Amino acid sequence: MRQAQTLKNSFSKKFKSKPPFADIVSEVKRRLGRKKKITGRKHRKNRQGTVKINPTAIKKGEVIKMMRSLFSGVSGLKVHQTRMDVIGNNIANINTIGFKSSRTTFSDMLSQLQSSASAPTDGLGGVNAKQIGLGVNVESIDLIFTDSSPQQTGKNTDLALSGNGLFVLRNGNQNYYTRNGAFMFDESGYYVMPGSGLRVQGWNAVDGEINTNGTPTDVMVEVGKTMEATATTAIDYSGNLNKETLVIDKISYVRATGVTDEQVFDRVATGTEDNPLSINVDGENVIAATITMRDGSTQHVTSGYYEVGKSIPITTLATVYDSLGGRHEVTVLLDKDPYSTDTAANTDATETQTGTYYYATNDTVPGARYIATATGTTDDNGEAYYAYTDANGEKQTVLQSALTSGVSYDNRWRAYLAPGVGQKGPGAGTDFKNIVDTTESDGSTMEATMNATRDTAGEVTSTEVSYLYFNTTGQFVTNGRSQEAEITFTYGDGNGAGENTGVVSFAGMTQYANSTTTSPTTNGNTAGILQSLAIDGDGIISGTYTNGLIRQEAQIAVAQFNNSSGLTKVGTTIYQESNNSGLANIKTISDFGLNVTASALEMSNVDLATEFSDMIITQRGFQANSKMTTVSDEMLETLVNMKR
């Protein structure tokens, strides 16, 4: 308005009161038109007579040319007013969530050519063109899509996005985009922007699995959502087995009161009273045992299964669930087994053999093997002597030719169900059933059977242990079979659940000279109700249920544009595609390498220091252009008043 005031003052003599701006413009045009009439004339009559005027003093169109400065000043006032409007909007949105500031850039208008440039000649140099600019124009008003700092809010549905991306919203078939992550779940479970009700887009999970290959849809997590009970179908082992684990050399035991040695070997042990080969310290038949290792060290134990030539078993506890969500536990033992013969081993397994060992047998103890070790001495013919402990517990030294040879697997372990009370272990051969019956606290029963072979009627005809073969680099190779190990669970006595089978995988295990860390993980679960939600840095929404499980519920989509600054603002910090923004490329947050912070909101990226500096510069520019308008008007006034 300053230029208008200037012109009002300039024409105060014409008007008795302050005229409106339109009248000022009309007066300027009138004066210019009047001056045009005398342009190029050599004289003009006035009251004193004829006054001659030099025609070269006022050339044709000179007044119009002098008006260029006035209009240039007016254009400068307009663009600086626009720039001030942009600055004002930036400062007004200093605390607007996800707001992106704008900047104004200027460019000069088309210049008027007074004379063209001329090329140099033999005698004269070149001459540049003479051009006069016609003012200034707004070149662009650009969106500045730089990140701002996240502000913690404590509300778990708030999101602060960092990087080149925008959240995707939808209303019907129309997509919108925003950096304002102040979202919430509405009454129907939709994830929405509360101020507008626009729904956040993403991919919803099906049974905890998210498929991001499909088209994004409305993110929805149903209020009070339930998780159905599922039976265990997989038992996966991971961790390390210690390569340096020692094997057992000798076992002695303490039988329970009232139990005879004969009963011990009939129920829970193999071998002889003087030299037990395996024993189940079940607490009812045998209450304790002393285990002597190959290096001569001893351990006193009060429970567990032990076998000569094998390591002390590692006890692992797998939690399994039935089809009704009932929780059960089954104990699987793992021990090192270098010497047993695995007649069904496949080629991958046999390739891991490490050498030959020698053993003695006893006809009165079927299947018994007494492992012999070299003494380091030989007879006169150079044949090596070996020593072993016989069935009577006495040390025997014999030549190698008196022993039986076998293939050793220093990197082999075996897995089997822990024998129950009154049961023998795998050292009993075919007498070992690899079946365990458990009575639950409610009186119902569970029967676990490992690696069962069944007849056509479904009855178990045989079972076997599982072998774990490792190579010389400590990696699991095979279980020696074409199929994975299995444990089948059946339930009775009021349980009501159906049979389920858990496939046992050992592929995640290693055998290094480190401590043993192996443990199983299982799928399956009890029923549960959604209790709380959390969002991670990849935009995955996970739900915590009352059964203690955490399951993925949805994943948030984000969009990228080739030219984010070309988006069209539609209000409430929401944008739409434009002809110059490019099409939205919608993917996951991790696909673009972005990150989202939950329980936080992105602050405005307006820099007050910059805005205040721009405000001062804009003010000075406006003042300078206002002065140009005032001076141009005074020059016009002087020209008009040349007649006196």
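Details
- Output for the range 486-526, where each listed residue is on the phi > 0 side of the Ramachandran plot and either open to solvent by 40 Å² or more (accessible area, probe 1.4 Å) or of a type in the set (K, R) (or both): D493, G494, G496
- Residue list for the range 327-359, filter: hydrophobic (A, V, I, L, M, F, W, C) and buried (at least 20 other Cβ atoms within 10 Å of the Cβ): V330, V332, L333, L334, A345, A349
- Criterion (of a type in the set (A, V, I, L, M, F, W, C), out of contact with any helix residue (DSSP H, G or I) (no Cβ under 9 Å at 6 or more places or on another chain) and buried (at least 20 other Cβ atoms within 10 Å of the Cβ)) met by exactly one of V127, V223, V136, V219: V219
- When the test is whether a residue is at pLDDT 95 or above and surrounded by fewer than 14 Cβ atoms within 10 Å (Cβ to Cβ), R644 does not pass it.
- All positions within the range 237-266 that are outside any strand (DSSP E or B), open to solvent by less than 50 Å² (accessible area, probe 1.4 Å) and within 30 Å of N479 (Cα to Cα): T245
- Strands (runs of 3 or more DSSP E) (entirely within the range 373-430) containing at least 3 residues that are in contact with a helix residue (DSSP H, G or I) (Cβ under 8 Å, 6 or more places away or on another chain) and farther than 30 Å from T449 by Cα: 384-389
- Residue count, the range 573-619 (criterion: crowded, with 16+ Cβ neighbours inside 10 Å, touching a Phe, Trp or Tyr at 6+ places or on another chain (Cβ under 8 Å) and over 22 Å from S149 (Cα atoms)): 3
- Check on A160, modelled with pLDDT of 95 or more, within 20 Å of A554 (Cα to Cα) and open to solvent by 20 Å² or more (accessible area, probe 1.4 Å): no
- Those strands (runs of 3 or more DSSP E) of the range 303-365 in which 2 or more residues are touching a residue at least 24 places away in the same chain (Cβ under 8 Å) and in contact with a Pro (Cβ under 8 Å, 6 or more places away or on another chain) occupy 304-307, 314-321, 327-336.
- Every pair of residues 6+ apart whose Cβ atoms lie under 6 Å, when the first sits in the range 567-578 and is over 14 Å from R170 (Cα atoms) while the second is among the aromatic types (F, W, Y) and not in a strand (DSSP E or B): T573/F99
- Count of the range 579-610 residues, restricted to those that are farther than 23 Å from N173 by Cβ and either outside any loop (DSSP other than H, G, I, E, B) or basic (K, R) (or both), is 10.
- Of the criteria (1) modelled with pLDDT under 95; (2) within 16 Å of I251 (Cβ to Cβ), which one Y306 fails: (1)
- Each residue in the range 401-448 was checked for being in contact (Cβ under 8 Å) with a residue 40 or more places away in the chain and in contact with a Pro (Cβ under 6 Å, 6 or more places away or on another chain), and 5 pass.
- Candidate set from the range 438-460 (those that are more than 42 Å from the chain's Cα centre (by Cα) and not in a strand (DSSP E or B)); member that is nearest to N495 (Cα to Cα): S444
- Neighbours by Cβ (under 8 Å, 6+ apart or cross-chain): first from the range 605-633, more than 17 Å from R103 (Cβ to Cβ); second in a loop (DSSP other than H, G, I, E, B) and among the hydroxyl-bearing types (S, T, Y): none
- Any hit, the range 229-247, residues being among the aromatic types (F, W, Y), touching a residue at least 24 places away in the same chain (Cβ under 8 Å) and touching a helix residue (DSSP H, G or I) at 6+ places or on another chain (Cβ under 8 Å): no
- Residue selected from the range 376-402 under the condition open to solvent by less than 60 Å² (accessible area, probe 1.4 Å) and closer than 27 Å to K243 by Cα, by the criterion modelled with the lowest pLDDT: T389
- Every pair of residues 6+ apart whose Cβ atoms lie under 6 Å, when the first sits in the range 523-552 and is touching a residue at least 24 places away in the same chain (Cβ under 8 Å) and among the polar types (S, T, N, Q) while the second is assigned to a strand (DSSP E or B) and open to solvent by 50 Å² or more (accessible area, probe 1.4 Å): N525/T230
The values are calculated or read from the model by the stated rules, or taken from the named source; none is laboratory data. Small disclaimer: the values here were computed from a predicted structure and weren't measured. As a convention, Cβ positions derive from the backbone with ideal geometry for all residues, glycine included, and neighbour counts pool all protein chains shown. Calculation scope for accessible area: heavy atoms of the full protein, side chains included, ligands and nucleic acids excluded. Shrake-Rupley method; radii C 1.70, N 1.55, O 1.52, S 1.80 Å.
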